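Asks: The following block contains the structure, expressed as structure tokens.
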Amino acid sequence: MVTKRQNRKGRGFTGERMIEIPKEVLEKCRSMPLISQLFITQMGFFPKALHHYYQRPTGMSQVILIYCTDGLGWIQVPQGRVTLQAGDMYAIAPGVPHSYAADPNNPWTIYWFHINGTACHESVWAAMGNRDNLSQVVRVVFSNERVALFDRIYETFLNGYSQSNLLFANLTLPYFLASFVLPENFQRGLITPGPSPTDKAIGYMKQNLANTILLDNIAQSANLSTSFFCRKFKQDTGYAPIEYFNHLRIQKACQLLHFSDLRINEVATQLGIDDPFYFSRLFKKQMGVSPAKYRKREGMQRSA
């Protein structure tokens, strides 16, 4: 599949966020009955995305959902060109050739998902109201709750890929889609429980991605003995603490490879890994490709 982008000064948009789910985790999603029909492979937020441009002449195997909350942009599909403005949502079906870009004078701010699963096409098209005219957009009033829901999914993935996190994030996706189908029924107020010991440990890990941390230090951050903490953490997440920490490191590496011009060894250093060969092995184990091939595959560019 050939992709193209506009040349632009610098890389990244101030405040941008992006998550790409590792290959091995996507395989786990495909095997989980509750989410195998609809699950997230990538998601992101690009604010004031000047020079944002993408072209896929043969389309993708997934659904691309773009929700614009500010500025302007356009999406070109075989049926015609669609203009998106604040409050508009549009979904691109699998296999549909397309291109899209931010307006050069008033660039869009977008929240976006790449969505896969055996029913991804049908589910997202239901969110668009089963429209016959695919050149139309879904237009809704801005909702802080909708954005908070996106943030909740994003933060859940940032906290790792335990079975419970995968279920929560991906089962929250239909609720996010429902906010476009029935915006008048969209419930306000999201209940956020206080942090558990496991949450505290994950928070400590995220604050120390650039450092070498010991298992005892992680357990202390959760105020638990090391032995009890290890059992509790694996029960809650499905991973040993250090394995989980490495997942968080590689997710950060994906972001640095997307959003910076750092060399591979510099990315490793940013994560507290002095041996670039070890870093490459760790990255390939999780993502299925080496850091260099990952960056080349992404074309050194945005991925909405």
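The values are calculated or read from the model by the stated rules, or taken from the named source; none is laboratory data. Predicted model only: the values in this text are computed from it and were never measured. Cβ atoms come from the backbone with ideal geometry, glycine included; neighbour counts cover every protein chain shown.
Asks: Name the pairs: first residue in segment 252-270 and in the same structural domain as MET18 (by TED's automatic domain parsing), second residue of a type in the set (Lys, Arg) and part of a loop (DSSP other than H, G, I, E, B), Cβ to Cβ under 8 Å, at least 6 apart or on different chains?
Replies: none
Asks: Take segment 88-105 and flag every residue that is surrounded by fewer than 17 Cβ atoms within 10 Å (Cβ to Cβ) and either in a strand (DSSP E or B) or in contact with a Ser or Thr (Cβ under 9 Å, 6 or more places away or on another chain) (or both).
Replies: Once the filter is applied, which keeps residues that are surrounded by fewer than 17 Cβ atoms within 10 Å (Cβ to Cβ) and either in a strand (DSSP E or B) or in contact with a Ser or Thr (Cβ under 9 Å, 6 or more places away or on another chain) (or both), segment 88-105 yields PRO94, GLY95, PRO97.
Asks: Which one of ILE35, ILE110, ILE40 is over 24 Å from VAL140 (Cα atoms) and in contact with a Cys (Cβ under 9 Å, 6 or more places away or on another chain)?
Replies: Going through ILE35, ILE110, ILE40 in turn, just one is over 24 Å from VAL140 (Cα atoms) and in contact with a Cys (Cβ under 9 Å, 6 or more places away or on another chain): ILE35.
Asks: So GLN76 clears everything in (1) part of a strand (DSSP E or B); (2) surrounded by 15 or more Cβ atoms within 10 Å (Cβ to Cβ) except one condition, right? Which one?
Replies: Among (1) part of a strand (DSSP E or B); (2) surrounded by 15 or more Cβ atoms within 10 Å (Cβ to Cβ), the lone unmet condition for GLN76 is (2).
Asks: So, one more: Could you check segment 252-275 and list, in sequence order, the residues that are part of a helix (DSSP H, G or I) and either in contact with a Leu (Cβ under 7 Å, 6 or more places away or on another chain) or at positive phi (or both)?
Replies: LYS252, ALA253, LEU256, VAL267, GLN270
Asks: Now for a separate question. Taking into account only those residues within segment 140-177 that are among the hydroxyl-bearing types (Ser, Thr, Tyr) and in contact with an Asp or Glu (Cβ under 9 Å, 6 or more places away or on another chain), which is farthest from MET18 (Cα to Cα)?
Replies: So, considering only residues that are among the hydroxyl-bearing types (Ser, Thr, Tyr) and in contact with an Asp or Glu (Cβ under 9 Å, 6 or more places away or on another chain), the one farthest from MET18 (Cα to Cα) is SER164.
Asks: Still on this structure, I have one more. Does ALA93 satisfy the condition of being out of contact with any Leu (no Cβ under 6 Å at 6 or more places or on another chain) and either free of Cβ contacts under 8 Å to residues at least 24 places away in the same chain or within 23 Å of SER143 (Cα to Cα) (or both)?
Replies: No; evaluated as a whole, the condition is false for this residue.
Asks: Let me ask something else. Kindly provide the set of residues from segment 236-251 that are in contact with a helix residue (DSSP H, G or I) (Cβ under 7 Å, 6 or more places away or on another chain), farther than 20 Å from MET43 by Cα and outside any loop (DSSP other than H, G, I, E, B), ordered by number.
Replies: Selection gives ASP236, THR237, PRO241, ILE242, TYR244, PHE245, ASN246.
Asks: From THR237, THR212, grab the single residue that is exposed (fewer than 14 other Cβ atoms within 10 Å of the Cβ), over 30 Å from THR14 (Cβ atoms) and modelled with pLDDT under 90.
Replies: THR212
Asks: If GLU145 satisfies every condition in (1) modelled with pLDDT under 95; (2) in contact with a Cys (Cβ under 9 Å, 6 or more places away or on another chain) but one, which is the exception?
Replies: Of the numbered conditions (1) modelled with pLDDT under 95; (2) in contact with a Cys (Cβ under 9 Å, 6 or more places away or on another chain), the odd one out for GLU145 is (2).
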